[in-house]
Structures are given as structure tokens and as C-alpha cells.
Amino acid sequence: MSNMDMTHMDMDMGDGHMMHMGNLKRKFWVSLILTIPVILMSPMMGVKLPFQIAFPGSDWVVAILGSILFFYGGMPFISGAKAELQLKRPAMMTLISMGISVAYIYSIYAVIANDVFHVTPMVNNFFWELSTLIVIMLLGHWIEMNTVMNAGSAVDALGKLLPQTAHVIADDGTATDVQLSDLQVGQTVAVRAGEQIPADAKIISGTSDVNESLVTGESKAIKKAEGDDVIGGSVNGTGTFTAKVTGTGDSGYLAKVMDLIQNAKNSKSKSENLANRVAGWLFYAALFAGILAFIIWMVVANLAVALPVAVAVFVIACPHALGLAVPLVVARSTALAAQNGLLIRNRDAMEQVNHLKFALMDKTGTLTKGHFQVNHLISLDADHSDDDVLALMAGLESGSSHPLATGILSDAKGKAIHFTPATDTHQETGLGQFGDIDGTTYGVVSVAYLDQHNLDYDHDQFKTFAAEGNSISFLVAGEKVLGLVAEGDEIKPAAKMLVTSLKSQGITPVMLTGDNQETANKVAAAVGIDDVQAHLLPEDKERLVQKYQADGKVLFIGDGVNDAPSLARADIGMAIGSGTDVAIESADIILVASDPADVIQFLDLARATNRKMTENLWWGAGYNLLAIPLAAGVLAPIGFMLDPMVGAVIMSLSTIIVAINAMSLKIKPIAE
């Protein structure tokens, strides 16, 4: 659905209530067309402008157009006010509804009094104010809603991780493809090489490496054999196995993650934004001032004086500038953000930036690039060059989908190294991969294999490479060590700059990862993070988000399905753009370029945006704070009453000022 198609979108009223807007775009254009003749035929605050026209029956034409505007264009605000009052939290919708309702009712009374009963002096109507307020507020909310990214639901994204069908094995051994919705616990399924696993299951025969990184956050493929559990949605490697289904539908792992996301979203704070709080204060101020003015003028004068004064107070409180103050800043901020690779899905998250205390972040894919690459490749044998070592390792790993194998193969292809795939390959769990190449048996093995077989190697060299955070493998032939490769999940260039910047802003960086503690500690030390939590499941991460939230506002940055509940739970959820759809759908902010430096840029932009919002709210509300008491006649004892034309000019100027101030918002470049 495009941003311009508003047919089925809702306006969030806060506290989880949604106001259905219908076709907001159509409402705005229809209301604008109806407003033009109203402006031409109706005086502004009782003052007739030079371009205005009148003819017999024009008052009735204006009354009819005004009625259509009130019931058609104004109804969304009245519905919103009803929701706010039910919650006993009057805000923007209530303030708007008070203004347009008083303006409409009094204006209808004015038309009847003037054209039916011909009272003198004539009663001024407020159709000009009614129509312009409705159009401006519709425009403001249209601008606001156009800034919200709508890219589908996290639940749909989770569903896409599962295949559409499963290969069910019958008792006679035949395989039949059935729809995933028909799959039942206890059935046996076959999972072929490279396929997504259709459901949670326990392997009953066969072996394979399973990539669970999308689901668990673990950066390495995991060896699975008979008796091991596999998770629906994870990706099978090169092996084939059969497994008995242990969980489908609501009982599956992904369904549980989905529940975590939904629960986090439902319990996420729905605090009112600043504009609504200001509007709420103005509502009470106008209500109090209007009633007080009516009572006082009834005492010192009469109903003919008191009623217009009270109505003027209610109408003049209408938030013309206030209605545009925030939407214009948001529209400008969102456009700037998009131009710089920041997609803002939830603008309310930006208002939390000034109160952030913790920045929790995933490791793989967030601080690191999420894939292993060869950092060091060294021949340890005079008869083999570095390229020879790489070719032999690539031949041994050619049939493997393990991330370390992928790194070796990628390096070989990048250097255009020709290699011969090994035959008779086999694995020794936790020790290495073995196979025959040109009649010789080679192995790509871990240091544990060397230690177990008492093979000699340079311990200092090993420690040096390991201290850099590398995973180290050795090439062996028999009892001879021919070479080594050191691979690392490379840290992103801007990761350390991000951590340094967060600390300078008084925000504590914390690493949460499903990876092992040793690797996590090395990455954390490299970027400057002191607080590290490893070996975490999705529910562990979400629980830690809640724990840190007890001490302050939390920003969470992640990219995997395992991060989705935490992204939804955090005060600000920020998804790496190269991550999964589920993570992106659960986030408030998306970093398109997956660059940690963009986090800094977002925080700077958010603070500038909040500053502009505050400035605009002061300009927008300042008019009301000045005009309400003057309209109530607070200076009447010294002979001064607010001239309607002066009030109109001030209202127009405040609207222009907030627009110019919003357009002056700029994004600050990141200093290298």
C-alpha cells in the first residue's frame, strides 16, 4: 500500500485507541473545495474582507456548506474526542472538537437569528473559522500519516520463514507433500538439502549442518544428528534427514516468538506526545476561561454580551498553528531521515531520545558484518604456497555450508584459485573436515585436533590471532601441519565510533548476543563495550530489555528474528536494514545502510526534531495563551478588547512561523 493511499489507515489516538480516518485524502480535498466559497462569503471573525461577496441567500448557502464541512470533514475529530474523553484524557481531538462544535452551533444560531428573526444588532457567525480549522487540521493529520511507513506485519514476516509445504513420510515409506497448515505433531517429515525446516521437530535419522542464525542469532551453523531438535524456519545445510514433528502452529518456536512480539507491542508505553499534552492544557484553559468570562459578563452586562465573548474564547482557542506545529516538523524530519538512510516507522519513538539511558545491541550483523572472512592465511610448509593451502582447504570445504567454510570458499573465488573438490569427505565432530584430494588425505581441523594428536604448531602465533577474535583452522596431511587460516566476523568500521558517541552522550552501551561468551567478549573489547551478555535466547533478550527499562529508557538495535521481541519491547527499536523482515517489522527505526554511524545520525536528528517541535509548540500555543485571556476581556476594565482582525492576523502569523521553522530543520553530518 502506498503512503498516499489512506483508505484503510487508522490514526493512533494514544493508549491503544485507533481513530478510523476513512479516506483522509478525499476528506481533505472535499473539505478544501467546500471551504473556498465559505471564505468568499463569510466574514473572518466578524470582519468583512475586501474580496468577500454577499447576495440574497448567501448566508444560507454558507450554512449548508458549513454543515457539510462539520459533519463530513469534522467527524473524525469528534470521534477522536469521544475516545479521548472516554479515557478522561482530553487532548488535540477534544480541543479541535470543542472549537468546531461551538463555532458551528453558534453560527447556525447566528444565521437563524439574523435571517429568520432579524435581530439587531446582527450576530456574527464563525463559519470562516470553522471551515479553515477543519481543512488545516485535516491537512496536518494527512501530512502526519503520510510519514508513517507501512510495510506489512511482523506476523506475516514470521510466516514467510516457513515453507508452504512439508514432505510427510507415510508408514509405508512414501513421501507426500502436504500444506503446512495440515501438518500435525507426531508426523514424520523429510528435510532435503538447502530447504527450510517446516516445523519444530526431532531428528530420527540422518545428519546435517543447520543454519539457525535467523532464528537464534547464533552465527555458526550447528551440526545436527539423530536425537537432536531442529527449529521450524531454520535452514538445512547440505545433508538430508527425517524428523518427527514436535510443534506446529501455536505450539511452534516461531509462534512463541510472535507472541513475544505481540505482547511487547501491546505493553509498550503509549505515553501522550507533547502536542497532545499541550492541547489538553489548552482545552482546560479555554474551558475555564470561557465559562468564567460568560459568568462575569452576565453579571456586569447581559446575555447578549456574555454569549459572544464566551464563544469567541472557545473558537479562538482552536489550534490552527498548533495543528501544524508537529506534523510539519515530522514530515521534514522524516524526509531528511529517508535521504540519509533512516526510515522512521514510529515518530513517537523520536520523542524518547532525550531520555535514553541504555543502548542495547546485538553483535552479529549489528556491530559485525554477519559473515566470516579470511583475515590471515599462512603456509607452514615449504612445499606449499599460500595459494596451495587455500586451494586444498577450499577443496575440502566445497561441499559444506558452514560459515567458516563459506569464508574459505569466498576467499578462494575472490582470488580466482582453482581447486579440486575432495572425495570421501567425512567429519569428526568438533575436530575437523577430512577428505581425499589427488590420492592424499587432508583435513581442515581445529586446534583441539592438533592438541589431541600432539601435532606441533606455533602457540604464540595461534594466541595472537585468537586474541583478535578469529576462529582458527589448520590444514593437515597425516601428522604434518601445512598451513592455517584465521577467520573473523569482521567488526563494522563505525562500530567503535558508535560506542564512543553513545558514552559521550551519557548512554550506556550493552551487548546482548546469542553467540558464545568468548567471541562476544573480544568484539565488545574491540569496540569499547563493558557490559556483555551472551548465550541468550529471544526471551532472555526481551527480559533483559525489561530489566534495563526499570532504570531508564532503552534503545535496542538488532537484525534477527531473535531480536524482534526486544525491538518491540524497547522504548526505541532500531532494525539493521540488512536484517530479517521480522526484525524490521518490529522496529520503530530502520537503518537502510546497516551502518552503525547512522545510529549517531538518528540520535542527532531526533534531538533536533524534538527541539523544533518544542519551538513550534511554543509558537502555536503562545498565540492561544495570549489570545484567550484577551478575547475573554481581561483588559476590558482599561478599555481594551481584542479586535477580531488583530486576532486573525496573529493566528495567521503563528501558522506561517511554525511552517518556516519546520522547514529550517537540517541534518548534521557525522564527523569522522
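In the stretch 618-628, is there at least one residue being open to solvent by less than 20 Å² (accessible area, probe 1.4 Å), modelled with pLDDT of 80 or more and within 23 Å of L502 (Cβ to Cβ)?
Looking through the stretch 618-628, none of the residues is open to solvent by less than 20 Å² (accessible area, probe 1.4 Å), modelled with pLDDT of 80 or more and within 23 Å of L502 (Cβ to Cβ).
Residue by residue, here is whether (1) closer than 30 Å to I491 by Cβ; (2) modelled with pLDDT under 80 holds:
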position: A225; (1), (2): no, no
position: I231; (1), (2): yes, no
position: G237; (1), (2): yes, no
position: F241; (1), (2): no, no
position: K244; (1), (2): no, no
position: A255; (1), (2): no, yes
position: M258; (1), (2): no, yes
position: N263; (1), (2): no, yes
position: S267; (1), (2): no, yes
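Sort out which residues of the stretch 141-185 are among the charged types (D, E, K, R), at pLDDT 60 or above and outside any loop (DSSP other than H, G, I, E, B), and write them in order of number.
Those that are among the charged types (D, E, K, R), at pLDDT 60 or above and outside any loop (DSSP other than H, G, I, E, B): K160, D177, D182.
Confirm whether I408 is more than 30 Å from E226 (Cβ to Cβ), of a type in the set (V, I, T) and touching a residue at least 24 places away in the same chain (Cβ under 8 Å).
So I408 does not fit the description; no.
Report, by residue number, each residue of the stretch 531-570 that is under 20 Å from the mean Cα position of the chain (by Cα), in a loop (DSSP other than H, G, I, E, B) and either more than 22 Å from S234 (Cα to Cα) or free of Cβ contacts under 8 Å to residues at least 40 places away in the same chain (or both).
G552, A570
Looking at S473, S410, can you tell me which residue is in a helix (DSSP H, G or I) and under 43 Å from the mean Cα position of the chain (by Cα)?
S410
A520 is checked against (1) small (G, A, S); (2) at pLDDT below 85; (3) over 26 Å from F465 (Cβ atoms) and fails just one. What number does that condition carry?
Failing condition for A520: (3).
How many residues does the stretch 85-96 hold that are in a helix (DSSP H, G or I) and open to solvent by less than 10 Å² (accessible area, probe 1.4 Å)?
Number of matching residues: 4.
Return the only residue of A422, A405 being over 30 Å from M574 (Cα atoms), in contact with a Leu (Cβ under 6 Å, 6 or more places away or on another chain), of a type outside the set (S, T, Y) and buried (at least 22 other Cβ atoms within 10 Å of the Cβ).
A422 is the lone residue from the list that is over 30 Å from M574 (Cα atoms), in contact with a Leu (Cβ under 6 Å, 6 or more places away or on another chain), of a type outside the set (S, T, Y) and buried (at least 22 other Cβ atoms within 10 Å of the Cβ).
I'd like the full set of residues that are surrounded by 14 or more Cβ atoms within 10 Å (Cβ to Cβ), within 20 Å of L390 (Cα to Cα) and more than 47 Å from the chain's Cα centre (by Cα), limited to the stretch 449-470.
The answer is L450, Y457.
With M497, M511 as the choices, which residue is under 26 Å from the mean Cα position of the chain (by Cα) and outside any helix (DSSP H, G or I)?
M511
What are the pairs with Cβ atoms under 8 angstrom where one residue, in the stretch 356-380, is under 20 Å from S504 (Cα atoms) and the other, located anywhere, is open to solvent by 30 Å² or more (accessible area, probe 1.4 Å) and assigned to a strand (DSSP E or B)? Sequence gap at least six, or different chains.
Once the first residue is under 20 Å from S504 (Cα atoms) and sits in the stretch 356-380, its partners that are open to solvent by 30 Å² or more (accessible area, probe 1.4 Å) and assigned to a strand (DSSP E or B) give L356/K553; K357/T508; K357/K553; F358/T508; F358/K553; A359/T508; L367/I491.
Given the options A349, A310, A321, name the one that is among the small types (G, A, S) and either under 18 Å from the mean Cα position of the chain (by Cα) or open to solvent by 30 Å² or more (accessible area, probe 1.4 Å) (or both).
Matching residue, one of A349, A310, A321: A349.
Restrict the check to the stretch 609-616 and report whether at least one residue is touching a residue at least 40 places away in the same chain (Cβ under 8 Å), open to solvent by 20 Å² or more (accessible area, probe 1.4 Å), over 28 Å from W281 (Cβ atoms) and not in a loop (DSSP other than H, G, I, E, B).
no
Just checking, does the stretch 496-517 include any residue being in contact with an Asp or Glu (Cβ under 6 Å, 6 or more places away or on another chain), hydrophobic (A, V, I, L, M, F, W, C) and under 25 Å from E212 (Cβ atoms)?
yes
Kindly evaluate T513 against the criterion of being in contact with a strand residue (DSSP E or B) (Cβ under 9 Å, 6 or more places away or on another chain), open to solvent by less than 30 Å² (accessible area, probe 1.4 Å), touching a residue at least 12 places away in the same chain (Cβ under 8 Å) and within 18 Å of K369 (Cβ to Cβ).
Yes, satisfied.
Considering the stretch 398-409 alone, what residues qualify as being modelled with pLDDT of 90 or more and touching a strand residue (DSSP E or B) at 6+ places or on another chain (Cβ under 9 Å)?
The answer is I408, and nothing else.
Just for the stretch 352-402: of the residues that are of a type in the set (S, T, N, Q) and assigned to a helix (DSSP H, G or I), which one is least open to solvent (accessible area, probe 1.4 Å)?
By that ranking, first place goes to Q352.
Which residues, taken from the stretch 471-480, are at pLDDT 80 or above and either among the β-branched types (V, I, T) or under 21 Å from D386 (Cβ atoms) (or both)?
Correct list: I472, S473, F474, L475, V476, A477, G478, K480.
So which of L307, L324 ends up being modelled with pLDDT of 85 or more and in contact with a helix residue (DSSP H, G or I) (Cβ under 9 Å, 6 or more places away or on another chain)?
Of the residues listed, the single one that is modelled with pLDDT of 85 or more and in contact with a helix residue (DSSP H, G or I) (Cβ under 9 Å, 6 or more places away or on another chain) is L307.
Can you report the number of residues in the stretch 415-448 which are within 47 Å of the chain's Cα centre (by Cα), closer than 14 Å to V485 by Cβ and not in a loop (DSSP other than H, G, I, E, B)?
Looking only at that region, the number is 6.
Identify, please: which residue in the stretch 40-71 is assigned to a helix (DSSP H, G or I) and at pLDDT below 95 and is, among those, surrounded by the most Cβ atoms within 10 Å (Cβ to Cβ)?
D59
The values are calculated or read from the model by the stated rules, or taken from the named source; none is laboratory data. Only a predicted model underlies this, so the values are computations on that prediction, with no experimental measurement involved. With ideal geometry, Cβ positions are generated from the backbone for all residues, glycine too; neighbour counts draw on all protein chains shown. Protein only, heavy atoms only, side chains kept; ligands, DNA and RNA dropped before computing areas. Shrake-Rupley method; radii C 1.70, N 1.55, O 1.52, S 1.80 Å.
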